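Here the structure is laid out as structure tokens; the discussion comes afterwards.
The numbers here are math on the coordinates, done by the rules we state, and not lab data. These figures come from a predicted structure and were not determined experimentally. Methodologically, a virtual Cβ is constructed for each residue, glycine included, from the backbone with ideal geometry; neighbour enumeration extends over all protein chains shown.
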Amino acid sequence: MKRILFPFLLLGCLHGQSQQLKPAAPEEAHMSAERLSRIDSLVNSYVKKGYVNGATAMVIRDGKIVYDKAFGYSDTDKKIPERTDNIFRIASQTKAITSVAAMMLYEEGKFQLDDPLSKYLPEFANPQVIRSFNSKDTTWTTVSATREITIRDLFRHTSGLGYAQIGGPMETAIYAKAGIVGGVGLKDQVVGDKMKILAKLPLLHNPGEKWTYGLGVDVLGYLVEVLSGKSLDQFFKERLFQPLGMNDTYFYLPEDKKSRLVPLYTEDPNTHTVHNIGKSVNLKGVDLWADYPKFNGTYFSGGGGLSSTTKDYAIFLQMLVNGGIYNGVRILSRNTVRIMTMNQTGDLEVAWDKYNCFGLGFKVTTEKGSAVSLQPAGVFQWGGMFCTTYWADPKEKIVGLIYTNVWPTSHGDMNELFKNLVYQAIND
């Protein structure tokens, strides 16, 4: 009996990996449609209060789309309803895609995770760590780092590199003086030129010493360009987006898709309600152009440059939940996905989250973290600056995404509540 049954189980597993994401009744994936409708009430309440202008949300279980809805308006002034196929600026959700691209090259033997970065990008040799900083004239002194930055450090945010524009006052000042920017909303420039300048600036701490959210994944994207001989835009398109059928994910949108980009909104600091941000906003001394995905741009930020839909990003996440394969196309081996989604930071505390850890490109829920959340250990997740959120759960076979495009916002708790409402709808 076992010999007969095993091939059928194997066939079922392979069939699941070869399928494309398709809508299905929630009950087919052991989810309660009635309980999922609580998501409607949550998002509609935030729209009604003016906390968000609109949102799209998607839930997948067992490779089936069991929830896919849009709420409110993409443009409140013109009363244009939000649509499920709208394109959003996903900002730091780009990091996971860059990390997968780099691991594809790792699988090809292009590097080892603990190789010094300077082996491939010599500008990063002999790193210096900041010792003192004078805020009056933005000068500093340094000491030699205790070791070089490794490629693993870039993935897991332990390089000591900070973040331009969204980091603390010291790193913001240092990077601004050198012309280093966060990577989104730019009109011209080339990422390689900026990374070479970044390489000569002081680290905030010794590599491996702390977890600091920074420009490491932009450096990783530049490394992909150097090792592959292709621009990051070209590598993504040829090696990821076209093979997976991610037809709505771009650094800069083609003409026929620009109308689907949602406007960027911001929050009134007094009323805490949202309004259209307009053409640009000044972000710590640099103009962030709201319509940057419509530019004919040349800056391919591996840390934050992409725009996409919930469906496209769900395909990417489903590939990872499947162990590196989707619709019969293998992107990574299952063991590569395994090391990307396990603890790579040890006991280091991840900023903004004292319970969980970081892998190679994702925050990962630990047993400790699962005690304060409905998410089990092993969930991997992150989000984007403009209030987009995703997670993937290999144990429950769940992928969840909720997108708005509001910055800044004090109502990001909607995205966290959404996670709870997905898990409470499990019905098996």
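Numbers below:
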{"read-out": "Dimensionless Rg/Rh of the chain - Kirkwood Rh, Rg from C-alpha atoms", "value": "0.96"}
{"read-out": "Full-stretch length increase - LYS49, LEU417 - with 0.36 nm per residue and alpha-carbon distance subtracted", "value": "130.9 nm"}
{"read-out": "For the stretch 113-216: rounded, prolate or oblate by the Cα gyration tensor [a/c cutoff 1.5]", "value": "oblate"}
{"read-out": "Rounded if a/c under 1.5, otherwise prolate or oblate - the stretch 197-328, Cα gyration tensor axes", "value": "oblate"}
{"read-out": "Cα gyration tensor shape for the stretch 314-428, rounded if a/c is under 1.5, else prolate or oblate", "value": "rounded"}
{"read-out": "Within the chain, longest stretch free of exposed GluC sites (Glu not before Pro) [DSSP loop, at most 14 other beta carbons within 10 Å]", "value": "109-348"}
{"read-out": "Residue-span extension gain [HIS30 to ARG83] - 0.36 nm each, minus C-alpha spacing", "value": "16.5 nm"}
{"read-out": "Rounded FRET efficiency, nearest 0.05, which uses the C-beta distance separating SER118 from VAL329 and R0 of 35 Å", "value": "0.55"}
{"read-out": "The stretch 246-321 versus the stretch 91-112: alpha-carbon centroid distance in Å", "value": "21"}
{"read-out": "Which listed pairs, of LYS64/LYS363; LYS136/LYS187; LYS397/LYS419, have C-alpha distances above 20 Å, in listed order", "value": "LYS64/LYS363; LYS136/LYS187"}
{"read-out": "Paramagnetic reach from ALA377 in the stretch 410-428 [backbone N under 17 Å; point 7 Å along Cα→Cβ]", "value": "none"}
{"read-out": "R0 of 22 Å, Cβ-Cβ distance GLN19-ASN427: FRET efficiency to nearest 0.05", "value": "0.50"}
{"read-out": "Low-density loop cleavage sites - trypsin sites (Lys or Arg not before Pro) in the stretch 185-259, where at most 12 other Cβ are within 10 Å (DSSP)", "value": "LYS187, LYS200"}
{"read-out": "Estimated [θ] at 222 nm from DSSP helical runs (n ≥ 4, -39500 (n - 2.57)) normalised by residues in the chain, nearest 500", "value": "-8500 deg cm²/dmol"}
{"read-out": "Distance in nm between pseudo-label sites at ASN247 and ILE339 (7 Å out along the Cβ direction from Cα)", "value": "3.6"}
{"read-out": "Proximal aspartates and glutamates relative to LYS22, as straight alpha-carbon distance under 16 Å, when same-chain residues fewer than 8 apart are discounted", "value": "ASP62, ASP68, ASP85, ASP312"}
{"read-out": "Charge dipole (the chain, unit charges on Cβ, about Cα centre) - positive-most of ALA164, TRP140, PHE241", "value": "PHE241"}
